[in-house]
Each structure stands twice: as structure tokens, then as C-alpha cells.
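Structure first, commentary second.
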Amino acid sequence: MNIDMNLDDLNGKLEPQSPHEIIRWAYETFGNRLAMLSSMQRTASALIFMLHEQGLHQLEIIFVDTQYHFPETLQLRDQLIEKYGMNIKTYQPQKSPEEQFREYGRELYLRDGDYQTCCHLRKEIPYMRAAEPYDAMLSGLMRSEGGARKKLSIVELDHRIDGYKIHPLANWTREMVDEFNHRNQVPVHPLHDTVYPSIGCQTCTTSVQPNEDERAGRWRHIREANPQSEQKLYCGINFGDKQGIRKKKE
Ligand code: SF4
């Protein structure tokens, strides 16, 4: 990483800025060492449209295809490429689901203690490989999502990629994202319109009831098998979710 920054000062300066202004700052600072990580959820749609509005079509958008996604997720990726001409690149794990099953002799996504390995192999490693050429990564996380994300900084270190994660939507809410996408007619994941507020792999995502938390449908089978655990479950592709957020360069 070639760029050193005082993150406390920088985050103070960026805090009142709009997502568009933060994206502009990121591009002016990192140039072609900037990329975006996309989950193909509603925030990804909004960020992709903002990049399109700013003419940043060459910027690489990393999509990790775990090979367990809903077909609608892959369709949305293709739709966004076609509609906006964005540079979305797909990365897959080294082993197919069948090869992984043969190696471990079981489906890793089914149990606590195993699912973390599955996410590491199928999400985190492909992401780190894709992120290697970059110093900074845009991502759609928001503080309003709660859990570990409540403490999100706009810019934070991601030691795994020896670079920075940048969250232009840190101050936005789901309603603001939906209003933005609707006003600009941005394609969004069709399952958001039903009862899937948060979408990951098909194997680890269920619908949610109106009285449930937005992320209640993620790894429901793991939580139900461990009802005593209050631990929030994440795939770990976002460094701050599992490691705690680090604000100062060490
Ligand atoms: S979300 Fe489930 S299927 Fe997808 S990588 Fe993680 S454990 Fe595996």
C-alpha cells in the first residue's frame, strides 16, 4: 500500500459528505488502485449507479460467485453490466461445491464451526485474490444495518488486503437506498421485493417474518441449532464484521 493517511482526521472530514463526494474523493486519491466489492444487494445497485453517474465505468467491480447463489443474483449482475456497461468481474473459489464436499466428506455450510470454513474458501479467499492489485475497496455497508456495522467508519483499514475499505453509504439507511434506486430506476435484486431483506448464498438464506431482524434469514439453520449463542453471524468477507473495526494504522 503506497498511501498513508491519518484516519481520524480523514473520517472527520468525510463524515458530512455525500456518497457521491466520498466516491469522488476515493477516485481522486487512489485512481486505478481503487475497486469495488459487490454483493449484488440493494446497496451494490445504488453504488454501481453512482459510479455510472460519475463516468467511472472502467473501475473494477469484484463479484464473488460462491456457486451457491440464487439464479436471480447472477441475473442481476448481468443486467447491471448490460444496462450501465460496468466492469463487473466474477471470481470463483478454486474448488467446485462437489469437490469441496468430496474433500471434507460433508456439506460445510450446514454447521457452526464448518460454515466459517466454507465462507473462507468460497468468499474470503477469492475476494483477497481479486483485491490483490488494489489499495482501496468501495463497499456498500451501512451503520444502520446494526451489529458490528454500527461502529463502521467511512474509511478503515483492511489488513487482509493491506489496504482500505471505503463505505460511502455508511450514513444511509435501507429506506434511503430504496428511494435512491427507485428514483433512478436502478435494477435491484428481485428477492428484495419479497421477503428477503438480506441475501447471500441460497443454501444459507431464508425469508424473514415482518417482526424479525433484517438479517434473521442469514444462516438461520446455524442459529436455530445454537439457540444459546447471541453471536451475530457474518461471512467474514468484510474485515470489520469479524475482527472489530480498526481505526488507526499500526
Ligand atoms: S454463505 Fe453458506 S454456502 Fe455461502 S460460502 Fe458461506 S457457508 Fe458457504
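The values are calculated or read from the model by the stated rules, or taken from the named source; none is laboratory data. This one's a predicted model, so the numbers in the text were calculated from it and none came from an experiment. Here the Cβ positions follow ideal geometry from the backbone for every residue, glycine too, while neighbour counts run over all protein chains shown.
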Residue within region 41-54 that is touching a helix residue (DSSP H, G or I) at 6+ places or on another chain (Cβ under 8 Å) and acidic (Asp, Glu) present: yes
Which numbered condition Lys123 misses (of (1) without any contact (Cβ under 8 Å) to a residue 60 or more places away in the chain; (2) within 20 Å of Gln202 (Cα to Cα); (3) crowded, with 17+ Cβ neighbours inside 10 Å): (1)
Out of Asp158, Asp162, sole residue that is more than 21 Å from Ala46 (Cα to Cα), in contact (Cβ under 8 Å) with a residue 24 or more places away in the chain and either crowded, with 17+ Cβ neighbours inside 10 Å or in contact with a strand residue (DSSP E or B) (Cβ under 7 Å, 6 or more places away or on another chain) (or both): Asp158
Residue in region 13-30 that is among the polar types (S, T, N, Q), modelled with pLDDT of 95 or more, under 29 Å from Leu191 (Cα atoms) and touching a strand residue (DSSP E or B) at 6+ places or on another chain (Cβ under 8 Å) present: no
Candidates Gln58, Gln92, filtered to the one that is among the polar types (S, T, N, Q) and either more than 19 Å from Ile166 (Cα to Cα) or in contact (Cβ under 8 Å) with a residue 40 or more places away in the chain (or both): Gln92
Per-region count, region 172-211, residues in a helix (DSSP H, G or I), within 26 Å of Gly85 (Cα to Cα) and either in contact (Cβ under 8 Å) with a residue 40 or more places away in the chain or within 15 Å of the ligand (Cβ to nearest atom) (or both): 8
